[in-house]
Every structure is written in structure tokens, then in C-alpha cells.
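A quick write-up on the structure given underneath.
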Amino acid sequence: MIKQFSRDTSKDPVLAGLEPILRGRVGKRMDQADYEAALQEAKRRGDKRQPPGYKDSGKQDPAAAAGDYLIWTQIQREAKRRERDVLIVTADVKEDWWRREHGELRGPRPELVEEMRLSSGVRLFMMRPETLLLHASQILQVEVQEGSVQDIERVAEAENGGWSEDALGQLLARLSSEGWDAQEQSIRLAALRGGLVEREIVYTLGGYDAERSLRIIKALPDAFRYEYAGTENGTASLGRAGASLVKLKFTPNPDYAPPTRVEEVLSGMQGYLLIDPEVRRLARIDGTLFRNISFGWGIVGHLDRGGHFLVQQAAVSDGSWGISEMSLNITGKILLFVETIVVANVSPKPASGK
């Protein structure tokens, strides 16, 4: 009975709600000749691995294999008829639609942008549903609950995150072939240990030195663009008491190319610094992730938008500086298996040391 009901779309409450909204807003179906020609073109593209749709070309049903291309060709026709730019909102994250940089979805593939320009004379944009909701309250002036965005992200992750044994094997092989050896070994080890693996073990597998985390600090001059934002007075727990600290707001430098994956997190961070120019010391760094940061196409892990950290230093009696306050509040996922929430608030006494 359940299977029979699931095939009866006339009783689907979602479709029932959408029907009056879409009434009069759906284009005409393709005539049979155009439809047959589109199926042939979809097959040709699939054989040539030409986007979009080639990732579905292995499906047995010709119509299912051609589904993405059928949508694509009809969008082109409608765009040409209306002479308007196109925004495609889709939860499909396959490579035959999206251009990726450092694992992040950056927009439609260049081939699709160019094809839309040549065929219809308009521009092409793409967006995921959760991104649309994030901008809807400002652009469309509608109220969007935060939970709605989170629900869409969870559904998208579930739909795109199913792994067969063969697919996981291919992923591990790709990680290894592209230089993610430590991550590939860590995934295998984590799978044997209930999804957990300690940082020390990952460092050992990767041959990382103990100062790996200092790379981010060393990258600050090149990774950001800075804007003067006034001054603040130092206190007993911030820089030097009574000293004038220069405040600099920072945003990512679009020309910065992270030398390693460690520094990739800086591409999604913004905030401010407090600097003591007289002694050339960093008194405070306060940063927030304004977008999700993915590692290894989002499979090895990701850090969620909204993550925040603060590190503050103060001078001590012998002229050296030490950490006076540190807070870290970051959520994300590590190595496929583990949801991680890192929350730390520490206010140590300034310790002697340079």
C-alpha cells in the first residue's frame, strides 16, 4: 500500500501546494521532433563528456540520462525568447554543472556560461537553494527562518552524501593520487575507530611539524587586505597598558593563492587586528568565517559559516608577551564521519615567553 501511494502523485501534498503557484508559469512541452533530437544530442554530449548532464549518461532510461540536457536546452530557448539573464537554483552539485575552486562551488562551468551567451545572448548564474534563502530576506523582502536554511543544507547533504563501497574506494584513491595522503590514511583509520582520530595521529601521518598552526599567522600579511579603522588604548590584558593600538579591518585578498591547504581557511575569514606599532606586536586578532570552507571537495571536511575565534596578547613584566584571552567557537565536519563542534573560552594569565 505504501508503494502504491508513493506512486500516486495526485495525493502528494507538496505537489498539491506547488500546483497553484506554478499554474500559468510552466512553458509548453517540446514537440516530438525536438524531443527526439534533444535525446540524441544528450547522448552525443554524454559520450563526449560535454556538460551538462554527462554524469547521468550511464542511466539505462534514455529520458533519465538526458534529463539535465532537456532542462538545459529548454532554459536556453526560454532565455532567448525573454531576452533575460538566467539564474538556475539547484541542489545538484555534480561537476557537469559547477565550477569548483579549492573544493568550493564558484558558479556555473565556463562552457555553460559561454554556450548560454552564444545561444541566447544572456548571462548565466547558478545558486544553491540554501544560498537563495540566505539572500531572499534582503533581495525579495521575505521572512526566512534560520531553521529553513539548515533543513535544506541537511537534505542536500543527505542527497549528495550517499557512498557505495566502490565510490568510497574511488574517493580514497583520488585523495592519494592528488597528494592528500595523510587525509586518505586518516579516513581509513577513523573508519576503524568509530569515526574518530586524534590530531596528533594525523600530524604523524602527514609528517607535519609542531609549528604547522603558525603558518596561518605567518600568512596574515599576504592573505588579507587591510583598512585602517582607528585606534584603541591598551590595557593590562590587551597589549601594553596605555599604549595606542592601531586597529585594522581585514578581508580576504582575492589575489592570494594559499601555498598549502592549511592557509585555505583564510579565504573565508574577515575581522580585525589590533597592533602595537611601537614594539611591532599583535595584540589581538578577531576573525569570523563569513562562508563555509571546504577541504578536499568538502569530503575531507568543512568548517561552517559563522565560526569565530579570538586571540589576545598582553605584555608581561619582563618585556615579553603572552596570551591573555582566547576563544574559539567553530562547527563543521571532519573526515566524512564526524560532526565537530569546537567551543573554547580561555583566559590564562599572561605567560612569560616570546
Toy charge model, Lys and Arg Cβ at +1, Asp and Glu Cβ at -1: region 26-127 dipole around Cα centroid in debye, rounded to 20, equals 180 debye
Taking a ≥ b ≥ c as the square roots of the Cα gyration tensor eigenvalues, with a/c under 1.5 meaning rounded and otherwise prolate when a/b beats b/c or oblate if not, region 26-127 comes out oblate
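Per the Kirkwood definition applied to all pairs of different Cα atoms, how many angstroms is the hydrodynamic radius of region 39-86? Spell out each step's value before the answer.
Details: mean 1/r = 0.0911 Å⁻¹.
Averaging 1/r across every pair of different Cα atoms and inverting gives 11.0 Å.
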In Å, the Kirkwood estimate of hydrodynamic radius for region 214-266 over Cα pairs equals 12.7 Å
HN-Hα couplings for region 316-330 via Karplus (6.51, -1.76, 1.60; θ = phi - 60°), in whole Hz with x for Gly/Pro, come out as 10, 4, 8, x, 8, 10, x, 5, 9, 7, 8, 9, 9, 9, 9
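Quick note: the coordinates plus some simple rules give every number you see, no bench work behind them. Please read all numbers here as calculations on a predicted model, not as lab measurements. Reconstructed Cβ throughout: ideal geometry from the backbone, glycine too, with neighbour counts over all protein chains shown.
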